[in-house]
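Participant: A single structure is presented below for examination.
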Amino acid sequence: MAAASNPRSIAFFLVLFLASALITLTVRTSHWHTYLPASPYARHGRQSPNHITIAPAKIAYATFLAANANPDRFTSDEQAILHNDNDDGYFIGARVLAYQLLHSRSAGTNASIPFIVICTADVSKRKRARLAKDGAIIRVVDRLTADWVNPANARWADVMAKLRLFQMTEYHKILFIDADHLVTASLDGVFYDEATLTAPTLSNPAAILADEAALPRTYMFATHADYWGYEHAYPPPVESNYLNCGFFVFTPSKVLFDYYVSLLALPGRFDPSFPEQNLLNYAHRKEGNMPWKVLWYGWNVNWPTEKDWRGGARSFHAKYWDADPSHDVFLKGLWREQRAEMEGFYRGRDGGK
């Protein structure tokens, strides 16, 4: 009893306990630091919250711009400078889309997601510079062509170049969205849609053809069906087997890109009238080994009407810059408001120029 109540003994055991606790804490902290990313709060001298923050995967928005989207085609900036850029609907559409995704208070990204514009080399350097000034990342890419691929419309001659995005493996997910879109609410959540989870490639022997390149071990390709007209319900139907490639989310993959290119070397493997859309419909057919997944219907509607907007849809696929009388008047008015808002925004930012 005397030894137990001795102050020196008590002090000794107390020091021993504290030393043991300190060693345990050091080992555990070292273990955590081995597996957890450094806290972004620590880098800024702020107190970390009571949860672990994992750095997000690298994601991006993207669109495509070609020089031959209009009947007039120019082979140099000297020729193009005599042409009014405002007559190029796809160029204006790309500018409006850049504004909507990057700067709009109602539709812009809340996560600083970059916006990539891929274009062919014959797109005017002036147009590229303007889009870069608007905040887009410009990537000039080579065409993808095949002698037997003759699109139904001459302005689609270069659309296969969209597939170059699958070579950009520095990104984990990309949302491709055609330039002819009205966006009315943030699309950031599409990258967390259940359909964008990586899936294993299937191994159905009947869908493996010897003249086609190898498939990737995993893939991700998510989109929605083509509705083929304005008379659709909202929510729109999702049971169609035919996808629309004006709006799709994917994971870039060199193996997948090489597979697409191998299809171009096989005349008649898909209907070339809608070149890249029908190639993707073949590659990701429902009975194949990489079936496309269905995104939530509210992210995007093609052949859209005011009914879709009032139902809660967030983006609408139509060429609202042209005079097509079939376009929904209400949605065309919203797009024109967005264009005016974009022009005012850049006039202010560019010092009135």
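Participant: Test each condition in (1) surrounded by 21 or more Cβ atoms within 10 Å (Cβ to Cβ); (2) over 20 Å from the mean Cα position of the chain (by Cα); (3) among the acidic types (Asp, Glu) for GLU276 and report the one that comes out false.
Facilitator: Against the list (1) surrounded by 21 or more Cβ atoms within 10 Å (Cβ to Cβ); (2) over 20 Å from the mean Cα position of the chain (by Cα); (3) among the acidic types (Asp, Glu), GLU276 comes up short only on (2).
Participant: Got a number for residues in the stretch 226-246 being assigned to a strand (DSSP E or B) and either outside the structural domain of THR305 (by TED's automatic domain parsing) or not polar (S, T, N, Q) (or both)? Spell out the reasoning first.
Facilitator: Just the residues of the stretch 226-246 that are assigned to a strand (DSSP E or B), to begin with: 243-246.
So of that shortlist, the ones also either outside the structural domain of THR305 (by TED's automatic domain parsing) or not polar (S, T, N, Q) (or both) come out as 243, 245-246.
Final tally of qualifying residues: 3.
Participant: Given the structure, is ASP122 among the acidic types (Asp, Glu) and modelled with pLDDT of 95 or more?
Facilitator: No, not satisfied.
Participant: Select from the stretch 135-148 the residues that are of a type outside the set (Phe, Trp, Tyr) and over 16 Å from PHE64 (Cβ atoms) and write down the one among them that is surrounded by the fewest Cβ atoms within 10 Å (Cβ to Cβ).
Facilitator: Of all residues in the stretch 135-148, those of a type outside the set (Phe, Trp, Tyr) come to 135-147.
Subset that is over 16 Å from PHE64 (Cβ atoms): 135, 146-147.
Numbers: GLY135: 15, ALA146: 15, ASP147: 7.
The selected residue is ASP147.
Condition check ((1) under 19 Å from HIS103 (Cα atoms); (2) of a type in the set (Ser, Thr, Tyr)) across all residues:
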{"position": "GLY268", "(1), (2)": "no, no"}
{"position": "PRO291", "(1), (2)": "no, no"}
{"position": "GLY312", "(1), (2)": "no, no"}
{"position": "ASP322", "(1), (2)": "no, no"}
{"position": "SER326", "(1), (2)": "no, yes"}
{"position": "MET342", "(1), (2)": "yes, no"}
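Participant: Taking GLY298, is it among the small types (Gly, Ala, Ser) and outside the structural domain of ALA185 (by TED's automatic domain parsing)? First the steps, then the outcome.
Facilitator: Working: among the small types (Gly, Ala, Ser): yes; outside the structural domain of ALA185 (by TED's automatic domain parsing): no.
Answer is no for this residue.
Participant: Further question on the same structure: Just one of (1) under 19 Å from LEU165 (Cβ atoms); (2) of a type in the set (Ser, Thr, Tyr); (3) over 22 Å from the mean Cα position of the chain (by Cα) trips up TYR234, so point out which.
Facilitator: That leaves (1) as the condition not met.
Participant: With of a type outside the set (Phe, Trp, Tyr), assigned by TED's automatic domain parsing to the domain that holds PRO291 and surrounded by 18 or more Cβ atoms within 10 Å (Cβ to Cβ) as the only criterion, which of LEU197, LEU165 stands out?
Facilitator: Only one candidate passes the filter, namely LEU165.
Participant: Right, next: Got a sec? Which of PHE330, PHE316 is on the phi < 0 side of the Ramachandran plot, aromatic (Phe, Trp, Tyr) and either outside the structural domain of SER104 (by TED's automatic domain parsing) or over 25 Å from the mean Cα position of the chain (by Cα) (or both)?
Facilitator: PHE330
This table checks each residue for (1) of a type in the set (A, V, I, L, M); (2) within 19 Å of GLY189 (Cα to Cα); (3) touching a strand residue (DSSP E or B) at 6+ places or on another chain (Cβ under 8 Å).
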residue	(1), (2), (3)
TYR282	no, no, no
ARG285	no, no, no
ASN289	no, no, no
TRP296	no, yes, no
VAL301	yes, yes, yes
ASP308	no, yes, yes
GLY311	no, yes, no
LYS319	no, no, no
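Participant: Follow-up. Of the residues in the stretch 93-128, how many are part of a helix (DSSP H, G or I) and surrounded by 18 or more Cβ atoms within 10 Å (Cβ to Cβ)? Before you say what the answer is, go through the steps one by one.
Facilitator: Quick first cut of the stretch 93-128, residues part of a helix (DSSP H, G or I) only: 93-102, 125-128.
Right, trim to surrounded by 18 or more Cβ atoms within 10 Å (Cβ to Cβ) and you get 93-102, 127-128.
Matching residues across the stretch 93-128 total 12.
Participant: Quickly run through the stretch 262-276 and pick out the residues that are out of contact with any helix residue (DSSP H, G or I) (no Cβ under 8 Å at 6 or more places or on another chain) and assigned to a helix (DSSP H, G or I).
Facilitator: SER262
Participant: For the stretch 279-295, give me each residue that is crowded, with 20+ Cβ neighbours inside 10 Å and either of a type in the set (A, V, I, L, M) or not assigned by TED's automatic domain parsing to the domain that holds ALA225 (or both).
Facilitator: LEU279, LEU280, ALA283, MET290, LEU295
Participant: Among TRP309, TRP321, which is hydrophobic (A, V, I, L, M, F, W, C) and part of a helix (DSSP H, G or I)? Show your work before the answer.
Facilitator: Working: TRP321 fails: part of a helix (DSSP H, G or I).
Unique residue meeting the criteria: TRP309.
Participant: Shifting gears a bit: Do any strands (runs of 3 or more DSSP E) entirely within the stretch 144-225 hold 1 or more residues that are in contact with an Asp or Glu (Cβ under 8 Å, 6 or more places away or on another chain) and under 30 Å from ARG105 (Cβ atoms), and if so, which? Quick ask: steps written out before the conclusion?
Facilitator: Working: elements: 173-177, 181-183, 221-225.
The qualifying strands (runs of 3 or more DSSP E) are 221-225.
The values are calculated or read from the model by the stated rules, or taken from the named source; none is laboratory data. The structure displayed is predicted, hence computed values, not measured ones. Please note: Cβ atoms are built from the backbone with ideal geometry, for glycine as well, and neighbour counts cover all protein chains shown.
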